[in-house]
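**Q** Input: one structure, supplied below.
The values are calculated or read from the model by the stated rules, or taken from the named source; none is laboratory data. Remember, predicted model here, so these are calculated numbers, not experimental data. Cβ coordinates were reconstructed from backbone atoms using ideal geometry, including for glycine residues, and neighbour counts include every protein chain displayed. Keep in mind that these areas ignore ligands, DNA and RNA; they rest on the heavy atoms of the full protein, side chains included. Shrake-Rupley method; radii C 1.70, N 1.55, O 1.52, S 1.80 Å.
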Amino acid sequence: MTGTLVLVATPIGNLGDLAPRAVEELAGAALICCEDTRRTGRLLAHAGVQGARLRRVDDHTEARAATEVIELLAGGARVALVSDAGTPGVSDPGARLVDAVLEAGHNVSVVPGPVAAVAALVASGLPTDRFVFEGFLPRKGRERGARLSAIAAEPRTTVLYESPNRIGATLTALAEVCGGERRAVVAREITKLHEEFVRGSLVELAAWAASTPKGEIVLVVEGAAPAPEATDDDVVAALRIELDGGSSRRDAADSVASMLGVGRRRVYELALGIPGAVTPPS
Ligand code: SAM
């Protein structure tokens, strides 16, 4: 028989955000996999779900839990997976269990709902048409530097999770690599009593964070501005370097057009105006 693992999103603060369909799935599940049985127990009590069977699944126990879950699914059961808050699998356990369940030939379904990253993004006021989710940055080392540089060059809006203790250091580091004027938004305690969206430049936000804000935080960073279009002077200067190096006008135009991201026709016409260069026979 084929069973179904259902990923059930839960509130990120406000219990009123628990969807009716989430309650139905939790009430009907043969087993609820969760990060913290006490925390999920409180959510179930709030939702009026009684007699549920809970199993703790975290980063260390995910592989072992998969065996038990797959045994239940083989009997045709529906098993629910929740995390402490928000959507399982988003900076939370879930991906390995999903992978194992699919590998064993069972179904995976979802009750969508709160995700802190998306809630912060849509309320940020920064472009939402294209965005990148970075999760938590590494705390130190080369990988942290590489990820910060990638964010600096990234044209899409970037969304990050960060702890209140580290938000100041991360904003300062981002101001250094992105330039202090880059716009950003700190979304704090979303859907909770002290919900706050602090908007400003990276330098302004780093100063704001110096007093160590409290609570849960999502950081949304504006994408890098597109590089300014090359002027005719830029194109001619690049062409001269190519031509002085012995390239034909045509080869120089091809290489400069792709290097500067400008139209080949415009580059070739500018190349024709440079005296002394060799025009190959066409
Ligand atoms: N699975 C969750 C989701 O769907 O958003 C994320 C879990 S991750 C372990 C926890 C992080 O999410 C927090 O450290 C914080 O960065 C962010 N977060 C969760 N709830 C939040 C809230 N109410 N306001 C702001 N950030 C929140």
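**Q** Could you tell me which of the residues 76, 135, 105 is within 25 Å of residue 195 (Cβ to Cβ) and touching a residue at least 12 places away in the same chain (Cβ under 8 Å)?
**A** Answer to the check: 135.
**Q** Against the condition out of contact with any Asp or Glu (no Cβ under 7 Å at 6 or more places or on another chain) and more than 14 Å from the ligand (Cβ to nearest atom), how does residue 80 come out, does it pass?
**A** So residue 80 does not fit the description; no.
**Q** Return the only residue of 55, 42 being surrounded by fewer than 21 Cβ atoms within 10 Å (Cβ to Cβ), touching a strand residue (DSSP E or B) at 6+ places or on another chain (Cβ under 8 Å) and not in a loop (DSSP other than H, G, I, E, B).
**A** Only one candidate qualifies: 55.
**Q** If you don't mind, there's one more thing I want to ask. Only one residue in 185, 236, 203 is assigned to a strand (DSSP E or B) and either away from the ligand (no atom under 11 Å from the Cβ) or under 21 Å from residue 151 (Cβ atoms) (or both), so which one is that?
**A** Details: 236 fails: assigned to a strand (DSSP E or B); 203 fails: assigned to a strand (DSSP E or B).
Criteria check complete, one pass: 185.
**Q** Right, another one. In region 60-86, what residues are within 16 Å of residue 109 (Cα to Cα) and among the β-branched types (Val, Ile, Thr)?
**A** Answer for region 60-86, where residues must be within 16 Å of residue 109 (Cα to Cα) and among the β-branched types (Val, Ile, Thr): 69, 70, 79, 82.
**Q** A further question on this structure: Here is a list of conditions, (1) farther than 27 Å from residue 155 by Cβ; (2) free of Cβ contacts under 8 Å to residues at least 24 places away in the same chain; (3) in contact with a Leu (Cβ under 7 Å, 6 or more places away or on another chain), and residue 252 meets all of them except one; can you say which number that is?
**A** Answer for residue 252: the failing condition is (2).
**Q** Let me ask something additional. Looking only at region 142-182, count every residue that is within 14 Å of the ligand (Cβ to nearest atom), more than 15 Å from the chain's Cα centre (by Cα) and not aliphatic (A, V, I, L, M) and tell me the total.
**A** The qualifying residues number 5.
**Q** Condition (residue is under 15 Å from the mean Cα position of the chain (by Cα) and either crowded, with 17+ Cβ neighbours inside 10 Å or at pLDDT below 95 (or both)) applied to region 101-112: is it met by at least one residue?
**A** no
**Q** Of all the residues that make up region 104-124, how many are within 16 Å of the ligand (Cβ to nearest atom) and outside any helix (DSSP H, G or I)?
**A** Qualifying residue count, region 104-124: 6.
**Q** Return yes or no: is residue 89 in contact (Cβ under 8 Å) with a residue 24 or more places away in the chain, within 23 Å of residue 18 (Cβ to Cβ), within 14 Å of the chain's Cα centre (by Cα) and within 16 Å of the ligand (Cβ to nearest atom)?
**A** For residue 89, the condition - in contact (Cβ under 8 Å) with a residue 24 or more places away in the chain, within 23 Å of residue 18 (Cβ to Cβ), within 14 Å of the chain's Cα centre (by Cα) and within 16 Å of the ligand (Cβ to nearest atom) - is met.
**Q** Looking at 135, 145, 94, 125, can you tell me which residue is of a type outside the set (Asp, Glu), under 25 Å from residue 183 (Cβ atoms) and open to solvent by less than 30 Å² (accessible area, probe 1.4 Å)? Quick ask: steps written out before the conclusion?
**A** On the way: 145 fails: open to solvent by less than 30 Å² (accessible area, probe 1.4 Å); 94 fails: under 25 Å from residue 183 (Cβ atoms); 125 fails: open to solvent by less than 30 Å² (accessible area, probe 1.4 Å).
Of the residues listed, the single one that is of a type outside the set (Asp, Glu), under 25 Å from residue 183 (Cβ atoms) and open to solvent by less than 30 Å² (accessible area, probe 1.4 Å) is 135.
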